[in-house]
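Report on the structure given below.
Here, each number is a calculation from the coordinates, and none is a lab measurement. Since the structure is predicted, the reported quantities are computational estimates derived from the model, not experimental observations. For neighbour counting, all protein chains shown are included, and Cβ atoms are generated from backbone atoms with ideal geometry for every residue, glycine included.
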Amino acid sequence: MLWGGRFSKGPDERMRRFGDSLPFDHRLYRADIQGSIAYARALARAGLLTPEECQRLIDGLTQVQAEIDGGTFQVRPGDEDIHTAVERRLHELIGPVAGKLHTGRSRNDQVATDLRLYLLERIAHLRSALLDLQRAIVNQAEEHLDVVMPGYTHLQPAQPTLFSHWLMSFFWKFQRDQDRLTDVERRTRVCPLGSGALAGNPFGIDRRALAADLGFDGVTENSLDGVEDRDFVVEFLAWAALVQVHLSNLAETLILWANPSLGFVEIDEAYATGSSIMPQKKNPDSLELMRGKTGRIVGDLVGLLTVLKGLPSGYNKDLQEDKEAVFDAVDTLTVELPVATGVVRTLRVRPDRMAQALDDGMLATDLADYLVRKGVPFRQSHALVGQAVRQAEERGIPLKELPLDVYQAIHPAFEEDLYAVFDFRRSVEARATEGGTAPSAVQAQIEAARAILRNTKHEARNTEHEIRDA
Ligand code: ARG
């Protein structure tokens, strides 16, 4: 035990199980060892370790890492967390010199550093998984650039739009998520190591060199804030929650459209399941889970905010509760994002079913715009077209079959050419202003998106290493 000196007995077994974080924080081991190696070097630079001692620590830590990587590491009672476990094993391997590693360091600045290092590595991975999804979106949009479908507001048929336009709307949500992740990363890439337990490091450690050694951009400005700050975790979870909400919105819309009564899209069989009783069923489980996982990730965020809310200044053990929230959000998105990408990539688009769902009513705005072009103020033209809609409804016919004399009785600005308005493609093509649903405008979006994708570095994937059965 690291702190047993003033105690006459060990913890109650139930207390031990209650307090131990090794069962979940073992996955910080690479970050922990990386941090310890850099800290050993910092101690050597400050003259607290001889070069030989420093090397023995580094060799020992490297060996501990190899044992954990290789699954041969043995957890012992008393290994309360990953920091304790690594140091205990280091002592077994290299003897008393291991006891010099913790000089001026506290598990408080150690764990804050570990969590940042871990998160930075996972952020790179999640960024690249999100990029894959964005790529799948752009590819599908390009492939189905010209497909016209009903656009909705209030889930009611509103105006014709391009399917590609709808799909690209998600590209931009996920692009904002990328921007937000860059921001989260910037504030995560700051090193608290050298803050000690709360008051700072008394041994003149060069914190800037230490931070640079670990790939951080700078050091935390205040040792007390350095050990207690979990803003970066909250920001990461808020990021994850918003990504999750976007995934959920995408999923819900696709579930609706994949329903046979609309049938605008079909989910590939690889992302659907059958029913154990109803042979005809093809259930969009992938999408339902993309919607359902929102509960847990929003829960992770709210849970951590709640833990932080009542804390007095300084490290408090409550902070140990930050980790499972992060791991849960990371694990969920790590599995979910590639599934979302697969669903989008393999989505079967049904332009025929989309065309069937278009009706004249969705061109009522275009008819009002027609009158506007003839000099009628929009508010008036809106009301006039409303009259036409009512009359068509009363006669049980579509708007385009309402005779010209009826239109002209409503307003003389209606002329024979009004019937040219009843063309869904023309309606879509008219909205060619930047950001609109016209094919030319969507093509421009796709090109802008492709430029962004080209400029975003595709980070290498890192595989996860964990202590088996810890
Ligand atoms: N397992 C602890 C955590 O995750 C490490 C820090 C322990 N610090 C302490 N003062 N007991 O927060």
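If you take every DSSP beta bridge fully contained in the chain, what fraction is antiparallel? Give it as a percent rounded to 5. Antiparallel bridges: around 80 percent, rounded to the nearest 5.
Here the range 81-129 and the range 378-418 have alpha carbon centers that stand 74 Å from each other. Using C-alpha pairs under 8 Å with a sequence gap of at least 6, the mean separation divided by the residue count of the range 292-445 gives a relative contact order of 14 percent.
Excluding same-chain pairs closer than 8 in sequence, count the lysine pairs in the chain whose Cα atoms lie under 22 Å apart. Going through the chain pair by pair, I get 8. Placing dummy labels 7 Å off each Cα toward the beta-carbon, the span from ARG373 to ASP359 is 2.5 nm. With helices as the sole contributors, the chain gives -19500 deg cm²/dmol at 222 nm; each DSSP H run of n ≥ 4 counts as -39500 (n - 2.57), and the sum is divided by every residue.
When each of the peptides 130-137, 178-185 is scored by the mean number of other C-beta atoms lying within 10 Å of its residues, the order from highest to lowest reads 130-137, 178-185. Over all pairs of different C-alpha atoms, the range 181-318 has a mean inverse distance whose reciprocal, the Kirkwood radius, equals 18.6 Å. In this label model, GLN280 and ALA430 are separated by 4.0 nm, measuring between points 7 Å along each Cα→Cβ vector.
Across the range 169-273, the relative contact order, built from alpha-carbon pairs under 8 Å that are at least six residues apart, equals 27 percent.
Listed values for the range 196-207 are Karplus-derived 3J(HN,Hα) couplings in whole Hz (6.51 cos²θ - 1.76 cosθ + 1.60, θ = phi - 60°), namely x, 6, 6, 9, x, 9, x, 9, x, 4, 7, 5, and x replaces Gly and Pro. Computed from Cα atoms, the angle from the helix 364-373 axis to the main principal axis of the chain rounds to 70 degrees.
Summing Cβ point charges (Lys, Arg +1; Asp, Glu -1) relative to the Cα centre of the range 375-437 gives a dipole of roughly 220 debye. Rg/Rh, computed from the Cα trace of the chain with Rh as the Kirkwood radius, has the value 1.15. Placing dummy labels 7 Å off each Cα toward the beta-carbon, the span from GLU416 to LEU2 is 8.9 nm.
Evaluating 6.51 cos²θ - 1.76 cosθ + 1.60 at θ = phi - 60° for every residue in the range 448-455, the Karplus couplings come out as 4, 5, 4, 5, 5, 4, 5, 7 Hz, glycine and proline recorded as x.
For the range 23-36, 3J(HN,Hα) computed residue by residue from phi via the Karplus equation (6.51, -1.76, 1.60; θ = phi - 60°) reads x, 10, 8, 4, 6, 8, 4, 5, 4, 5, 6, 4, x, 5 Hz, glycine and proline entered as x. Hull volume per residue, based on the alpha-carbon atoms of the range 292-419 and their convex hull, is 233 Å³.
Computed from Cα positions, the angle between helix 322-345 and the longest principal axis of the chain comes to roughly 40 degrees.
In terms of its alpha-carbon gyration tensor, the range 1-135 comes out oblate; a/c meets the 1.5 threshold, while b/c is at least as large as a/b.
Just the ratio, please: alpha-carbon radius of gyration of the range 16-63 over 2.2 N^0.38 Å, N its number of residues. In units of the 2.2 N^0.38 Å rule of thumb, it is 1.43. If you take the square roots of the eigenvalues of the alpha-carbon gyration tensor of the range 118-239 and sort them as a ≥ b ≥ c, do you get rounded (a/c under 1.5), prolate (a/b over b/c) or oblate? Cα axes put the range 118-239 in the prolate bin. Take the alpha carbon atoms of the range 250-324, find their center, do the same for the range 1-61, and report the distance between the two centers in whole angstrom. That distance is 37 Å.
Size estimate for the range 286-358 follows the Kirkwood approach: the inverse of mean 1/r over distinct Cα pairs works out to 15.2 Å.
Among 221-228, 113-120, the peptide with the highest mean count of other Cβ atoms within 10 Å heads the list, and the full ranking is 113-120, 221-228. Note on the range 96-243: antiparallel DSSP beta bridges, both residues inside, total approximately 75 percent of the bridges counted.
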